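**Q** Quick one: this structure, given as structure tokens, is what I'll be asking you about.
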Amino acid sequence: MVVCGIDVGARTAKAVMLVDGDIVAHSIVRTGPESAAAAVAALDRSLETTALRREDIEFTVATGYGRVVVPFAQRNVTEIACHARGNHHFFPGVRTILDMGGQDCKAIRCDETGKVTNFLMNDKCAAGTGRALEVMASLLQVPLDDLGRLSLEASNGLAKISNTCVVFAKSEVLALARQGVPTRDILAALCDGVAERVKGLLRAVGVEEDFVISGGISKNVGVVRRVEQKLGTTSQICFEPQVVGALGAALFARDFLTGGTRRRTGP
């Protein structure tokens, strides 16, 4: 049984291929201006690492912002359900999930089966998202992949950024830099601000063990450490936290297929 999950987010598109329930390939590509094209690119990238062909895929489910435009998907499922399902696959004991993506943050509660029982999203502003950190990293001329690590090397942690709006926060960052505040201290303030905002979401839905973090920002150790400190807990993160939603979509595809819906797929 060969199924595929596609997660087309605001910043990246992801694909996961399952063969008889096992992950055999996954990919991450930039979404760009065309969500449909990004979905095809993610699929092709994942197939490159296998002997599979497009016509071998028996069912595809799409999720994410661009799920309705994926040309080869038979069904689409909300990203909330897919992130819960994917995280539950990696961590069956999970009850609280924080998914931090490029354009939004999601706090999710689920039951012992991975079914969503409650959730909240911050999708009204880029603050607290991967896009915000990307903008600030560029502003400070710091590689995005180094931002979290450098933030943990802050000298005193006294720098503060009060604005949640990315536009106004940029002005604060520039002002701190002109005052001679070390870049590491500014990065620490940025990561702390993200952690403070997601703390509110998590406490609103209720934090319960096991606690899992997924999404691109989960690769930022500076944000993860600060979230853990503010909540007084530790988190679990899978081997590739950006593909969790696509995995959840693939698991739903398997469900649809075994439930009797059999159609072939290909762009």
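Where a number appears in this text, it was derived from the coordinates with a stated rule and is not lab data. Keep in mind the model is a prediction, meaning the values are calculated, not measured. Positions of Cβ are backbone-derived with ideal geometry, glycine not excepted, and every protein chain shown enters the neighbour counts.
**Q** Kindly express, to the nearest 10 degrees and within the range 0 to 90, the angle between helix 221-231's C-alpha long axis and the longest C-alpha principal axis of the chain.
**A** 80
**Q** Contact order normalised by length for the chain, with contacts defined as Cα pairs under 8 Å and 6 or more residues apart; what percent is it? Display every interim value, and only then the final one.
**A** Details: 605 pairs, mean separation 69.5, N = 267.
Relative contact order of the chain: 26 percent.
**Q** If you fit an axis through the alpha-carbon atoms of helix 183-205 and take the longest principal axis of the Cα set of the chain, what angle between them do you get, 0 to 90°, nearest 10?
**A** Compared with the principal axis, the helix lies near 60 degrees.
**Q** Would you tally the net charge around residue 203, using a Cβ to Cβ cut-off of less than 12 Å, leaving residue 203 out, and scoring K and R as +1, D and E as -1?
**A** On the way: positive: 109, 197, 199, 230; negative: 196, 208.
Within the 12 Å Cβ shell, the charges total +2.
**Q** Further, regarding this structure: Using +1 at the Cβ of each Lys and Arg and -1 at the Cβ of each Asp and Glu in the chain, identify which of 222, 186, 49 lies farthest towards the dipole's positive end.
**A** Sorting the options by dipole projection puts first 186.
**Q** Next question. Quick check on segment 1-127: of the DSSP beta bridges with both residues there, what percent are antiparallel, nearest 5%? Write out the running numbers ahead of the final one.
**A** Values: 26 of 33 bridges.
Looking only at bridges with both residues in segment 1-127, the antiparallel portion is about 80 percent.
**Q** For a test of the definition: using alpha carbon positions, the gyration tensor, and the 1.5 limit on a/c, classify segment 92-237 as rounded, prolate or oblate.
**A** Values: a/c = 2.31, a/b = 1.92, b/c = 1.21.
It comes out prolate by the Cα gyration axes.
**Q** Run down the aspartates and glutamates and flag those whose C-alpha is under 13 Å from the C-alpha of residue 115, throwing out any fewer than 8 positions away in its chain.
**A** The qualifying aspartates and glutamates are 79.
**Q** Then there's this: Taking the Cα-to-Cβ direction at residue 160 and at residue 145 and moving 7 Å from each Cα, how far apart do the two end points lie in nm?
**A** With each label placed 7 Å out from Cα toward Cβ, I get 3.5 nm.
**Q** Scan the chain and report its longest stretch carrying no trypsin sites (Lys or Arg not before Pro) that are both in a DSSP loop and have at most 14 other Cβ atoms within 10 Å. List each step's numbers first, then the result.
**A** Working: sites that count: 53, 115, 124, 160, 262, 263, 264.
Between the exposed loop sites, the longest stretch runs 161-261.
**Q** Treating only the Cβ atoms of Lys and Arg (+1) and Asp and Glu (-1) as charged, compute the dipole magnitude of the chain about its Cα centre; round to the nearest 20 debye.
**A** On the way: 31 positive and 29 negative charges, 107 e Å.
Here the chain has a charge dipole of around 520 debye.
**Q** Then there's this: For the charge dipole of segment 92-237, defined by +1 on Lys and Arg C-beta atoms and -1 on Asp and Glu C-beta atoms about the Cα centroid, which residue among 176, 137, 202 has the Cα displaced farthest towards the positive pole?
**A** Going by the Cα projections, it comes out as 176.
**Q** Let me ask another. Kindly express, to the nearest 10 degrees and within the range 0 to 90, the angle between helix 130-139's C-alpha long axis and the longest C-alpha principal axis of the chain.
**A** 50
**Q** Placing unit charges on C-beta atoms (Lys and Arg positive, Asp and Glu negative, everything else neutral), compute the dipole magnitude of segment 92-237 about its Cα centre in debye, rounded to 20. Intermediate values should be presented prior to the final figure.
**A** Working: 18 positive and 17 negative charges, 67 e Å.
For segment 92-237, the charge dipole is close to 320 debye.
**Q** Segment 1-82: which GluC sites (Glu not before Pro) are DSSP loop and have at most 14 other beta-carbon atoms within 10 angstrom? The partial results should precede the final answer.
**A** Details: sites: 34, 48, 55, 58, 79; in loops: 34, 48, 58.
Hits after loop and neighbour filter: 34, 48.
**Q** For every other residue with a beta carbon closer than 12 angstrom to the beta carbon of residue 110, add +1 if it is Lys or Arg and -1 if Asp or Glu, then tell me the sum. Mind dumping the intermediate values first?
**A** Details: positive: 85, 95, 106, 109, 115; negative: 99, 111, 112, 208, 210.
Neighbour charge sum, excluding residue 110 itself: 0.
**Q** Where both partners of a DSSP beta bridge lie in the chain, what percent of those bridges are antiparallel, to the nearest 5?
**A** Details: 26 of 38 bridges.
Bridges in the chain that DSSP calls antiparallel: roughly 70 percent.
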